[in-house]
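The values are calculated or read from the model by the stated rules, or taken from the named source; none is laboratory data. Since the structure is predicted, the reported quantities are computational estimates derived from the model, not experimental observations. Quick reminder, even Gly has a Cβ in these numbers, built from the backbone with ideal geometry, and neighbours come from all protein chains shown.
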Amino acid sequence: MKKREVDIVVISDVHLGTYGCQAKELLKYLKSIKPKTLILNGDIIDIWQFSKRYWPDSHMKILRKIMKFVLEGVEVHYLTGNHDELLRKFADMHIGTFHLQNKLVLELDGKKAWFFHGDVFDVTMQHSKWLAKMGAVGYDSLILLNNVVNWCLTFLGKQKMSFSQKIKAKFKDAVKFINQFEQTAADLAIEKGYHYVVCGHIHQPEIITIRNNDGEVVYLNSGDWVESLTALEYNNKEWSIVKYRASDYKDEDPDLGLFSDTEDLHSKLDIHVLLEKIKLETV
């Protein structure tokens with residue numbers, strides 16, 4: 001498969017280190033593109049739920065692919081989220097083309113774009129972080145159960161289903177929260193004079209123009225790599241949502257395949273030790 005050249009790619013809410021993370025699919029996507037700039041918009045590593053017991057090779061390969069982008073000169077911006085908030089103490093760290101930040105502003109063809117994860121708008125995060133963490137564990141368990149059910153449905157030749165999407169659709173409060181999140185982000189971006197505001201956090205891919213009495217802004221959300229399997233791409237002055245579809249990768253070049261990577265997974269970088277150190281330093 002020939003790599004697609006893309007000006008900017010935005011992914012968020014990968015949740016590496018959890019059972020729900022679709023790392024194999026993400027790796028195939030990352031190996032299919034050649035971005036000039038990669039923006040990791042929060043919750044890439046799930047430090048909240050990090051455990052030495054679960055860190056498969058596919059998760060490690062995602063980090064190594066990101067490092068490979070850096071070595072190739074790709075501008076990589078890692079913006080912190082709530083699940084990787086422990087990295088915020090290292091914000092504004094720059095190593096070569098790798099940048100660890102809490103937020104980012106870029107000028108795209110004369111228009112200002114504001115990137116940040118978005119957990120600052122989550123009332124649960126602000127006032128009941130313990131409740132949010134319990135909810136994260138529950139969500140991961142729901143996704144794990146959902147994966148088992150979907151395996152059975154696929155085996156029976158039936159269409160997959162999403163438990164969380166069905167729950168969101170049935171509960172008006174969930175829909176109301178998403179709408180409030182989008183409106184709050186848009187209002188703030190309009191006030192600051194931005195043309196684009198790009199978030200993650202709510203696992204809801206979207207590109208929509210939002211207006212208020214003071215103006216309008218294009219609100220974008222990159223979705224997630226747990227269920228939506230989506231990314232935002234900016235190319236030729238236009239934004240688009242790209243959704244992973246397994247059928248798009250059936251004719252994949254073996255040299256780009258998931259398990260053909262010649263990089264040594266047992267390298268000097270031990271992710272378990274690294275994350276444990278970060279957790280200990282913030283206690």
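Overview of values
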{"quantity": "Pairs, first surrounded by 14 or more Cβ atoms within 10 Å (Cβ to Cβ) in the range 83-94, second of a type in the set (Gly, Ala, Ser), C-beta under 8 Å, six or more apart", "calculated": "His83/Gly42; His83/Ala136; Asp84/Gly42"}
{"quantity": "Extreme residue, modelled with the lowest pLDDT, among residues of the range 22-59 that are of a type in the set (Lys, Arg) and more than 20 Å from Asp7 (Cβ to Cβ)", "calculated": "Lys52"}
{"quantity": "The range 68-79 residues that are at negative phi and without any contact (Cβ under 8 Å) to a residue 40 or more places away in the chain, paired with ones that are among the basic types (Lys, Arg) and part of a strand (DSSP E or B) (beta carbon under 9 Å, 6 or more apart)", "calculated": "Glu72/Lys34; Val74/Lys34; Val74/Lys36; Glu75/Lys36"}
{"quantity": "Count of residues meeting criterion [basic (Lys, Arg), modelled with pLDDT under 90 and over 22 Å from Cys21 (Cβ atoms)] in the range 147-205", "calculated": "4"}
{"quantity": "Residue list for the range 85-112, filter: within 24 Å of His195 (Cβ to Cβ) and of a type in the set (Gly, Ala, Ser)", "calculated": "Gly110"}
{"quantity": "Flag for Val273 being in a strand (DSSP E or B) and either at pLDDT 55 or above or more than 20 Å from the chain's Cα centre (by Cα) (or both)", "calculated": "no"}
